[in-house]
Amino acid sequence: MPEPRLHHVTCPGLPGAPRGAQPHDGSHRMAYWEWNETGDPAHPHVVVCVHGLSRQGRDFDVLARALAPHARVVCPDVVGRGCSDWLQDPMGYGIPLYAADMLALLAQLQAEAPIATLDWVGTSMGGLIGMVVGGQPGLPLPVPVRRMVLNDVGPAIEWDAVQRIARYLGAAMEFGSVEEGTAALRSVSQGFGPHSDADWATLSRPMFVPADGADAAGARPGAVRLHYDAGIAVAVKALTAEAAAQSEAVLWTLYDHVGAETLLLRGADSDLLSRATADALSRRGPRARVVEFEGVGHAPTLVAADQVQAVRDFLLGDAAAA
């Protein structure tokens, strides 16, 4: 079974933004996983897949394997997650910095091999980043985003869902074993929908790293912690309903300027993306085509065959059939 290659890109940070972990100019390293089974290391079709708030790039393993025979599939660990650096000041974690990091990533990919076709798949937070990247025509992209998949997210996010996420984000970070941590994640991830035990274990395994001191002499053998910086919860917990409403207005403006053909995936039971917002997304801006998945809330994991097929067909079309 094919596996991805791990790479890093140095991101400069934002002017005037809080300092990053290395060095004092705000720069930091972002990790990304690259899948490519096309036979051409410089394949001109690039698909960028960006994960949700507390997740990481390996979330897209199943989808990436389906796309990799046809494109370079690049799945970053957003800063503060996975194999990427952590920031010194947790208030630096936010969509503006994440979007700037994606521009640095795309610039590095373009320098390595020119990009002719650029597509975007964004789950939850990754979709918000996609709207920022795809909704500002003046940004220095190698090429405009051609097709964009927004996975259970839009400019309007239900406030109750934000509060639900804030309650568990960064709360329980350490577990006695991977199995214990996997069970805990499952308990707070009911919205992901039904998964087999094997699928859930595969989806959860990259979420853990050895806890500090784990497996050292006399210290908690097998203990693990979640992969992300608990500091990412600080900005989320500080968010107010008023600030969220202001951000929503900005995001609607960005969405209205998205030039990419857009597919909106929605869990039919989602508490974060309402059906009314999905309907509005289908009428405004790029007029997203909406696909709903029954028995799923926030957010579809893109592991189930019908979810993978919807994205694969949208991005690859006739190439996938061939």
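The values are calculated or read from the model by the stated rules, or taken from the named source; none is laboratory data. Remember, predicted model here, so these are calculated numbers, not experimental data. Note that each Cβ is placed from the backbone with ideal geometry, even for glycine, and that neighbours are counted across all protein chains shown. The area values use the complete protein model at the heavy-atom level, side chains included, leaving out ligands, DNA and RNA. Shrake-Rupley method; radii C 1.70, N 1.55, O 1.52, S 1.80 Å.
Report the net charge of residues surrounding R65, where surrounding means a beta-carbon distance below 11 angstrom and charges are Lys +1, Arg +1, Asp -1, Glu -1.
-2
I'd like the accessible area for R81: 1.4 Å probe, protein heavy atoms, all chains in place, Å² to the nearest 10.
0
In whole Å, how far is the Cα centre of segment 39-96 from that of segment 230-257?
21
Report the net charge of residues surrounding D256, where surrounding means a beta-carbon distance below 12 angstrom and charges are Lys +1, Arg +1, Asp -1, Glu -1.
+3
Could you work out the helix-only [θ] at 222 nm for the chain, with each DSSP H run of four or more residues adding -39,500 (n - 2.57) and the total divided by the number of residues, to the nearest 500 deg cm²/dmol?
Computed ellipticity for the chain at 222 nm equals -10000 deg cm²/dmol.
Residue by residue through segment 48-60, what is 3J(HN,Hα) from phi via Karplus (6.51 cos²θ - 1.76 cosθ + 1.60, θ = phi - 60°)? Round to whole Hz and write x for glycine and proline.
For segment 48-60, the Karplus curve yields 9, 10, 10, 7, x, 3, 10, 9, 7, x, 6, 4, 9 Hz.
Is segment 128-252 best put as rounded, prolate or oblate by its Cα gyration tensor, with a ≥ b ≥ c the root eigenvalues, rounded for a/c under 1.5, and otherwise prolate when a/b is larger than b/c, oblate when not?
Because a/c hits 1.5 or more and a/b exceeds b/c, segment 128-252 counts as prolate.
In Å, what is the Rg of the alpha-carbon atoms in the chain, and how long is Dmax?
When restricted to Cα atoms, the chain yields Rg and Dmax of 18.7, 61 Å.
Taking only protein heavy atoms and a 1.4 Å probe, what accessible area per residue, in Å², does segment 175-322 have with all protein chains in place?
Ligands and nucleic acids excluded, the figure is 48 Å² per residue.
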